[in-house]
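One structure is given below, encoded as structure tokens.
Please treat every number below as a calculation from the coordinates, not as lab data. All of these numbers come straight from a predicted model, not from anything done at the bench. Because the Cβ atoms are built from the backbone with ideal geometry, glycine has one as well, and the counts that use them run over all protein chains shown.
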Amino acid sequence: MKKSSFIPFSLSIFLLVLPVHAEEAIDIAAIYALTGAAAEANAYALRGVRYAVDELNKQGGISGKKINLRMFDNQSTPIGSTLAANQAAVAKVVAIVGPDWSSHSIAVARVAQNSGIPMISSLSTNPEVTKIGDYIFRICFTDDFQGEVIARFARHDLKAGTAAIFVDVTSDYSLKLSEIFRRNFEQMGGRVLLELEYKLKQRLFDEEIKNAVKANADVIFIPGHDESGLIAKKTQDAGTSSIFIGGDGWSTPVFFKKGGSELRRGYYSTHWSVLLDNEQSQAFIKKYKINSQDPDDNIALGYDAMMVLADAIKRSGSLDRKSIRDAIANTRSFKGVTGAISFNADGDPIKSAVLMEIRNGQPHYLKTLKP
């Protein structure tokens, strides 16, 4: 699996990159994990954001002003995310791109909303993120949609009657997505046999895996992040015949690196695939040499988040935060790499989901699931 060109920086909260003379610059914050458990996965979104900033600056910036991208390390924690957001507010940035993980975005969004800073998360699907206020937006679909389409696929396509769920009780993302999946799966006539709780930094899952194998459910749903690959692999090795399914947290090379590459069969929802044939997607793939061996939609989502923000700043004709917020809210049919982007009244885009199939450790595009 190709590794990211992004190398985590020091433990410093505040880092300034891509320096440009202040009087010529538009200061924009990128808040992601540069250190800690989320750093390796977050590197892909940062790559996409940097692609966009480099591309825009080579074209002269936004309305003749270069972008000064300031990066803040959230240290892979909600507390670190709050500190990073406060640093961004003190730095007087005009907007924030990021973070990725929902628990991080919720923390940043509270500061951004209170400070009147428009924020666009590239990959935080928990519905609570944009409910924090009218300055908060996201490029990805929400778990309300994702949980429903995964449950529908499990019931109707896989003909699953029973399910077991692994839940990371330290993750807002995992808790919410598991709740939504369970509700929809049961409403469609399915039965959840058990929920197996774990914590992100946990290393041993022997007891949980033993119970999952014993349950013998038709499907095992693991709505986690990178650790999901390890859990799925170990459960497979323990002899289960259950089919593994997951959410967009599986869509990073780190998931495959940590065990996903050894799965014989599995399915997960995601936001983008190299096989999507829209013009912007194919141009992006060609320009940045993205391929199926780098199956990370975070790159495309990070790129789209920055491009949508740049388009809004240009349309606003101002660096006033309120004007930029209004322009983002009024975004309609923006032609992004991940599809056409229009925001609803909640700051969420109306988008389809992509369903991927894992066959012998390799992800393959299966189909697109529309709202």
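A few remarks follow.
- Long-range HN-HN contacts of VAL167 with modeled amide H, under 5 Å: LEU196, GLU197, TYR198
- Less than 5 angstrom separates the built amide H of ILE243 from those of VAL219, ILE220, all sequence-distant by 5 or more or on a different chain.
- Average silhouette area of the chain, convex hull of alpha-carbon atoms, in square nanometres: 16.3 nm²
- Karplus-derived 3J(HN,Hα), 6.51/-1.76/1.60, for each residue of the range 100-108, Hz, glycine and proline x: 9, 5, 4, 4, 6, 5, 4, 5, 5
- In loop segments of the range 302-371 as defined by DSSP, the trypsin sites (Lys or Arg not before Pro) with at most 12 further C-beta atoms inside 10 Å of their C-beta are ARG332.
- Reduced Cα scattering model of the range 143-270, Debye log10 I(q)/I(0), q = 0.18, 0.20 Å⁻¹: -0.87, -1.11
- Residues with amide H under 5 Å from that of ILE62, placed H, sequence gap 5 or more: ILE67
- Note, ³J(HN,Hα) from phi for the range 220-227, Karplus 6.51, -1.76, 1.60, rounded to Hz, x at Gly and Pro: 10, 9, 10, x, x, 10, 4, 5
- Along the range 300-312 the Karplus relation, 6.51 cos²θ - 1.76 cosθ + 1.60 evaluated at θ = phi - 60°, assigns HN-Hα couplings of 5, 5, x, 4, 5, 4, 5, 5, 5, 4, 4, 4, 5 Hz to successive residues, with x for each Gly and Pro.
- Trypsin sites (Lys or Arg not before Pro) within the range 201-260: DSSP coil, no more than 12 neighbouring Cβ in 10 Å: LYS201, ARG203
- Estimated [θ] at 222 nm from DSSP helical runs (n ≥ 4, -39500 (n - 2.57)) normalised by residues in the chain, nearest 500: -12000 deg cm²/dmol
- Cα centroid separation - the range 311-354 against the range 162-204, whole Å: 32 Å
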